[in-house]
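So the structure is just underneath, and the comments pick up after that.
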Amino acid sequence: MTFNRKKMFGWIKIILLLYASIGIVLFYLQDKILFHPKKLGADFQYKFKDRFEEINIPFNDTDTMNLIKFLPDNIPVKGVVIYFHGNMKNIAHYATFVGPFLKLGYEVWMEDYPGFGKSTGLITEQKLYEQALQVKKMADVKFHTDSIIIYGKSLGTGIAANLASRTKAKMLILETPYYSIPSMFSSYAFMYPNEQMSNYKLPTNLFLQDVACPVIIFHGTSDAVIPYRNAKKLLSVLKPTDKFITIEGASHINVNANPQYFNAIDSLLK
């Protein structure tokens, strides 16, 4: 009995040590898990197939925000889609997704987050919100509220939801959103106190409660990055007139390749 008790306590110590060690690693590596930027030199020349205009916007004494305005070709401009991209690389990685909006007569304004592409500075959650607001204020000068669509993809959904909760827009579209960052982390590491451990909160669920404009959500049932069950929790905070569009069998990266997505975007923006 004594031997078994010692053995049991030995295993408990090993398990607790592993638990603590993994938790420490996750805590200190969470920024690397969450963000995967690819920096570009200030002299890098973008080559996109669509017409575009590049702007570098001073944010403060040290930070500069790089913004690309994708422009429709030979058709009247009906409005603008302010597009907040995901956590990978930079604008060049997401430029392929602007086509459906350009064809419908919408400009697409896409910024890079601090440390992504040509944007400089250290990334913080508050800075993500404030830079998004700066882009929206620029759009307000050129476009009427009823012509401005706020769009978030993956990581960008929390940023887009925050912006829509603070300003007026025609609609908010979220592609593969999360309930919150701690909630998403809990989908993988439920045994840890993720709410306390997460440096970034991005509580999409809280922001959506203050969004007055229509909200449209797209999410695939086979999403292995942001699980469908995590996004579906957002149904509890949507207005009766909002839409949660399920794309059966779609993963995290191919929701916007599905005919159901294209048909919905076409119907919403025409």
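Yes or no: Gly86 under 20 Å from His36 (Cβ atoms) and touching a residue at least 24 places away in the same chain (Cβ under 8 Å)?
Yes: the conditions hold for Gly86.
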Report summary line: When (1) loosely packed, with under 15 Cβ neighbours inside 10 Å; (2) in the same structural domain as Met110 (by TED's automatic domain parsing); (3) not in a strand (DSSP E or B) are applied to Tyr46, the one that fails is (1)
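If we only count helices (runs of 4 or more DSSP H) wholly inside the stretch 118-222, which ones have 2 or more residues that are under 23 Å from Gln30 (Cα atoms) and in contact (Cβ under 8 Å) with a residue 40 or more places away in the chain? Explain how you work it out, then say what you get.
On the way: elements: 125-142, 156-166, 181-186, 194-197, 204-208.
Filter on the stretch 118-222 gives 125-142, 156-166, 181-186, 204-208.
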Requested in this report: Hey, can you tell me all the residues within the stretch 49-70 that are assigned to a strand (DSSP E or B) and surrounded by 15 or more Cβ atoms within 10 Å (Cβ to Cβ)?
Outcome: Phe52, Ile57, Thr64, Met65, Asn66, Leu67, Ile68, Lys69, Phe70
Query - Top-ranked residue in the stretch 52-68 [being among the polar types (S, T, N, Q) and either in contact (Cβ under 8 Å) with a residue 60 or more places away in the chain or out of contact with any strand residue (DSSP E or B) (no Cβ under 6 Å at 6 or more places or on another chain) (or both); ranked as farthest from Val80 (Cα to Cα)] - result: Thr62
Report summary line: Filtering the stretch 223-238 for residues that are surrounded by fewer than 14 Cβ atoms within 10 Å (Cβ to Cβ), modelled with pLDDT of 95 or more and closer than 14 Å to Gly249 by Cβ leaves a count of 0
**Report entry** the stretch 147-188, residues that are closer than 15 Å to Val225 by Cα and more than 13 Å from the chain's Cα centre (by Cα)
**Finding:** Pro182, Ser183, Phe185, Ser186, Ser187, Tyr188
Query raised in the report: Could you give every pair whose Cβ atoms fall below 8 Å, whose first residue belongs to the stretch 248-259 and is farther than 12 Å from Thr96 by Cα, and whose second residue is of a type in the set (Phe, Trp, Tyr), counting only separations of at least 6 or pairs across chains?
Result: Val255/Phe218; Val255/Tyr261
Query raised in the report: What about Thr145, is it surrounded by 15 or more Cβ atoms within 10 Å (Cβ to Cβ), modelled with pLDDT of 95 or more and of a type in the set (Ser, Thr, Tyr)?
Result: no
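The values are calculated or read from the model by the stated rules, or taken from the named source; none is laboratory data. Keep in mind the model is a prediction, meaning the values are calculated, not measured. As a convention, Cβ positions derive from the backbone with ideal geometry for all residues, glycine included, and neighbour counts pool all protein chains shown.
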